[in-house]
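These notes concern the structure reproduced below.
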Amino acid sequence: MASEAPRINHDNQGNQDGNQDGQGDQTLVSSQDNQGDNGEADWSDCDQDRTKKKKDGGRKKLKQLSLYPSNVSVSRKRKKRLSSNGQSDSELSEINEELKHINMRLNGLVTKDELKALVDSSVQLIVNQLKPEIRKEIKAEMKKEMRESKEIIRKELQKDVQKEVKKEVKSVEQLVNEKLGKFSDRCDGIDLDIENMKENIAKQARQLNDMHETLKGAMNTAFDALKLANHNQQYSQKNNIKILNWREKNGENSESLRVDFISEMQKVGVTVSDSDILAIHRVPTKNTRSPRPVILKLIRSDVRLNVIRKRKEVAGTFKMMDHVTERNLDLMNRLRDNDNLHSVWYYNCNIHAIDMVGDRHRFDIGDNSEKLRRIGAAVGRAGITT
């Protein structure tokens, strides 16, 4: 009996230890429940924190559960030991309650698939919420990247273009400089040739001016000589009479013409001696259908005047007129064609004319058209229409 008492005390002490272990297990499970409940409450507050806290709560529960097998094994050992020692049914029931309680806690834990599904749904929800913003950010980032890329490409292209342009410009400048150098050399040669030509032209201009002055002087001299010659010729023909339309005779000569002329003058009452006639002869003409003109040269102007006054009386035999030089005759024809002149005639080796106003003028072969323009202006001022 004395020996059984200590064993009973030992058993009681074991039961107390078992109760203490059970209470420790119950306290641990209660703390797990509280931690699990707190984790579930925090998960409902925020979706993002819920996933994290759920994972943490699950890890804690799994960690706590990792301690249970040792506790369970201890309880089983105690149960076996109590059974072998005749432990009471109340202790076994406590152990069963603890096991049920553990099973209930294990059933309340989140499984791996549920946790994965929960995480996927949370991630999908977050992605759906962030999708527009992500799109905007991606779009803005893409635009920024595109702008930066465009700017980089533009700068690179600009650099390449500038480099190529500089290269081309340098090549063109080199080519232009070469051409300009050749052109400058040619221009220098041309300038030298031009200077030489200028000198030659100036020299020739001076020579031409000298020649012009010489020619002008020669022309003036020649014209003066021509006027003088015409005047001398006209003066030498002062006592001459030109006879037209005088019929030619066969075998006619100067002596027969002299005799016939004296005879014709006697018919009109003019006495002409043989000594009054210095020369009489016919001159060639272009008109072969009419008789050749006769030139009569008398010794004095008074004899010529007496003869020429009878021109109307002898008009039936021949026609007498002043012997005018060819140049004076051309001048008279030109003056007769001028509408501003009323009449033109020859008298005493000079050509005279009267304009439409009534003014008298004397002309010479040296007179130019300026004199006729002045006459026309005077006629116009007088209000006379021609």
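Please treat every number below as a calculation from the coordinates, not as lab data. The shown structure was predicted, so the numbers you read here are calculated from the model rather than taken from an experiment. Cβ sites come from the backbone with ideal geometry, for glycine too, and all protein chains shown count toward neighbours.
With the cut-off at 23 Å, tell me which of the pairs Lys267/Lys319; Lys267/Lys312; Lys242/Lys267; Lys297/Lys371 have Cα atoms farther apart than that. Checking Cα-Cα distances, Lys297/Lys371 exceed 23 Å. The calculated Kirkwood hydrodynamic radius for the stretch 324-386 is 11.9 Å, given to one decimal from all distinct C-alpha pairs. Calculated on the alpha-carbon coordinates, the convex hull of the stretch 145-236 measures out at 141 cubic angstrom per residue.
Going from the fewest other Cβ atoms within 10 Å to the most, the residues Tyr235, Tyr346 appear in the order Tyr235, Tyr346. Pairwise alpha-carbon distances in the stretch 259-386 exceed 27 Å for 38% of all pairs. Out of residues 5 or more away from His281 or on other chains, whose amide H comes under 5 Å of its own, with H placed 1.01 Å from N in the peptide plane? So His281 has HN proximity to Ile295. Put a dot 7 Å past the Cα of Leu215, heading toward its Cβ, do the same for Tyr347, and the two dots end up 4.1 nm apart. Among Ser184, Ser90, the ranking by other beta carbons within 10 Å of each residue's beta carbon, starting with the fewest, stands as Ser90, Ser184.
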